[in-house]
Amino acid sequence: RPRYDWQPSPQLCELVPTLEQHVFGVPLNEEDRKAIVDRYPPIAGLVYSPPATLPEADRRFKPGHRHEDASLRAMQYATSAILRPLDVLAHSLLPLLHPDQVGRIFAILNDIRALVLNVGGVANKACNNLALRAVNPSFQIPASDKIFTMAPEQFKDTISSHTAMHKVLKDA
């Protein structure tokens, strides 16, 4: 991949002061986070809340599982908040940009959105693996599955499949 080293200009740093903050610094306090999110209206019909924990897994969670699940869900929720200002930015830019710039700028915006959705998907996969581990620590989603949510039926089928395979291997 091409590499471009660049330094933000003083003007850019003045306009976007968070450019000078550490990427993995201290999180926003709840009041500041909420104030930022509330400045941007949500897209009608878009669900910003993370999916609920699978009931079957929730019944099997130990306290450590519950803590990990809550942490993952908090990360999913925080990640979804990125989409509101990003989507409003895209909506605001569309009528302002010269037609020659629309493709390039919206390709960048789409890449950002795809990376944000990826973080949500990674967290969701971790939630699904946590749910499977609550049943049996050796269970996990097969690497070839590219899912972002897991239906309860699929969860039960995966458990049944792993349990049957585990029994066959144990009996062998």
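Here is how the numbers come out for the structure above:
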| quantity | calculated |
| --- | --- |
| Test for ASN110: is it touching a residue at least 12 places away in the same chain (Cβ under 8 Å) and polar (S, T, N, Q) | no |
| Matching residues, segment 14-33, being free of Cβ contacts under 8 Å to residues at least 24 places away in the same chain and open to solvent by 100 Å² or more (accessible area, probe 1.4 Å) | GLU14, LEU15, GLU20, GLN21, HIS22, VAL23, PHE24, VAL26, LEU28, GLU30, GLU31 |
| Qualifying residue in segment 56-70 (condition: among the basic types (Lys, Arg), over 14 Å from the mean Cα position of the chain (by Cα) and surrounded by 12 or more Cβ atoms within 10 Å (Cβ to Cβ)) | yes |
| Checklist (1) open to solvent by 50 Å² or more (accessible area, probe 1.4 Å); (2) touching an Asp or Glu at 6+ places or on another chain (Cβ under 6 Å); (3) not aromatic (Phe, Trp, Tyr) applied to LEU94, failing item | (2) |
| Total residues in segment 14-24, condition assigned to a loop (DSSP other than H, G, I, E, B) and among the polar types (S, T, N, Q) | 1 |
| Subset of segment 76-107 (residues that are among the aromatic types (Phe, Trp, Tyr) and in contact (Cβ under 8 Å) with a residue 24 or more places away in the chain) | TYR77 |
| Criterion violated by ARG73 - all others in (1) over 25 Å from LEU83 (Cα atoms); (2) surrounded by 10 or more Cβ atoms within 10 Å (Cβ to Cβ); (3) in contact (Cβ under 8 Å) with a residue 40 or more places away in the chain satisfied | (1) |
| Evaluation of GLN11 against (1) surrounded by 10 or more Cβ atoms within 10 Å (Cβ to Cβ); (2) assigned to a helix (DSSP H, G or I) (one fails), failing number | (1) |
| Which listed residue is modelled with pLDDT of 80 or more, under 23 Å from PRO51 (Cβ atoms) and surrounded by 12 or more Cβ atoms within 10 Å (Cβ to Cβ), from ALA114, ALA78 | ALA78 |
| Single residue of PRO51, PRO10 found to be within 27 Å of ALA123 (Cβ to Cβ) and not β-branched (Val, Ile, Thr) | PRO51 |
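The values are calculated or read from the model by the stated rules, or taken from the named source; none is laboratory data. In this text, all values refer to a predicted model and were calculated from it rather than measured experimentally. Cβ: placed from backbone, ideal geometry, glycine included. Neighbour counts: every protein chain shown. Areas reflect the complete protein model, heavy atoms only, side chains present, ligands, DNA and RNA absent. Shrake-Rupley method; radii C 1.70, N 1.55, O 1.52, S 1.80 Å.
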